[in-house]
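Quick notes on the structure that follows.
The values are calculated or read from the model by the stated rules, or taken from the named source; none is laboratory data. Here the structure is a predicted model, which is why all the values come from computation and not from measurement. Note: ideal-geometry Cβ built from the backbone for every residue, glycine included; neighbour counts use all protein chains shown. These area figures cover heavy atoms from the full protein model, side chains too; ligands, DNA and RNA do not enter into them. Shrake-Rupley method; radii C 1.70, N 1.55, O 1.52, S 1.80 Å.
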Amino acid sequence: MSSLYKDDSNEIATGSYVAGFVDGEGSFNVSLRPRPDYVIPWKVSLCFNVSQKEKHILELVQRVLGCGTLRARGDGVWYFEVNNLRGIRDMVVPFFRRFPFRSEKKQKDFSSFVSIVKIISDNNHLTVSGLSSILRIREGMNGGGKRRYSEQCVLEALKNPQRLYARS
């Protein structure tokens, strides 16, 4: 971030603005997808994202974080996301540690997200116990939200991989 600014006060003001904006509009997500070709037949994907109609704000977020992509949705809303482990681990996490969130909910979601980043960085998501830990942590994120694959569904599929594809 320091390469964009000539003095620390501007850097701090911009970093604080970005953190405040993300506090209200950003999201940390963890999704799972079945992958029968994996030893542990689930792919864990991380994503940090923010959406906004004003593209220039998301361009600022992208410049400050030094990673991520921008794309337009059909409804005129712009979408900024970081969905690769390196960008999340090396840019997003350190930034929000330096510029912490004010809201308790976002602090909690971020802390949970960081715990999952660590599990994945250590390759523990490739074990049943690591995946189980991710599922437990994820359950408390984003208000529990609607999930395509619940903790119970994933754990059952680990016991019986054909269960996921069985018709009811």
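Selection among Ala157, Ser115, Val22 by position relative to the dipole of the chain gives Ala157 as farthest towards the positive end (Cβ unit charges, Cα centre). Derived scalar couplings between HN and Hα for segment 14-26 equal 5, x, 5, 4, 4, 4, x, 5, 5, 4, x, 10, x Hz in order, rounded to whole Hz, by the Karplus curve 6.51 cos²θ - 1.76 cosθ + 1.60 (θ = phi - 60°), x for Gly and Pro.
At a 1.4 Å probe radius, carbon and sulfur cover how many percent of the accessible area of the chain? Carbon-and-sulfur percentage of accessible area, whole number: 49.
Would you kindly state how much longer the chain becomes between Arg98 and Asn124 on full extension, computed as 0.36 nm times their sequence separation minus their alpha carbon distance, in nm to one decimal? Show your work: numbers first, answer last.
Working: separation 26, 0.36 × 26 = 9.36 nm, distance 2.63 nm.
Computed gain between Arg98 and Asn124 is 6.7 nm.
What accessible area per residue comes out for the chain, rounded to a whole number of Å², with a 1.4 Å probe? Could the numbers behind the result be given before it?
Working: 9770 Å² over 168 residues.
I get 58 Å² per residue for the chain.
Derived scalar couplings between HN and Hα for segment 46-62 equal 9, 8, 10, 8, 9, 10, 5, 6, 8, 4, 4, 5, 5, 5, 5, 4, 4 Hz in order, rounded to whole Hz, by the Karplus curve 6.51 cos²θ - 1.76 cosθ + 1.60 (θ = phi - 60°), x for Gly and Pro. Segment Lys108..Cys47, full-extension length gain: 20.4 nm, with 0.36 nm per residue of separation and the alpha-carbon distance subtracted.
Compactness of segment 15-56 is given as radius of gyration and Dmax, 15.4, 43 Å, from Cα positions.
Ordered from highest to lowest accessible area with the whole protein assembly present and a 1.4 Å probe, Thr69, Thr14 read as Thr69, Thr14.
Each label point was placed 7 Å from the Cα along the Cα-to-Cβ direction; for Arg33 and Val77 their separation is 2.1 nm.
Residue-wise HN-Hα couplings along segment 116-128, as the Karplus relation 6.51 cos²θ - 1.76 cosθ + 1.60 with θ = phi - 60° gives them from phi, are 6, 4, 5, 4, 5, 4, 8, 6, 7, 5, 8, 10, 4 Hz; Gly and Pro carry x. With a Förster radius of 25 Å applied to the C-beta separation of Glu25 and Arg147, the computed FRET efficiency comes to 0.70. Consider all pairwise Cα distances in segment 1-100 and report the whole-number % of them above 20 Å. Pairs farther apart than 20 Å: 43 percent. Full extension of the chain between Ser9 and Ile40 yields a length gain of 6.4 nm, computed as 0.36 nm times the residue separation minus the alpha carbon distance. Extent of the chain along its three principal axes (Cα atoms, max minus min coordinate, largest first): 57, 36, 28 Å.
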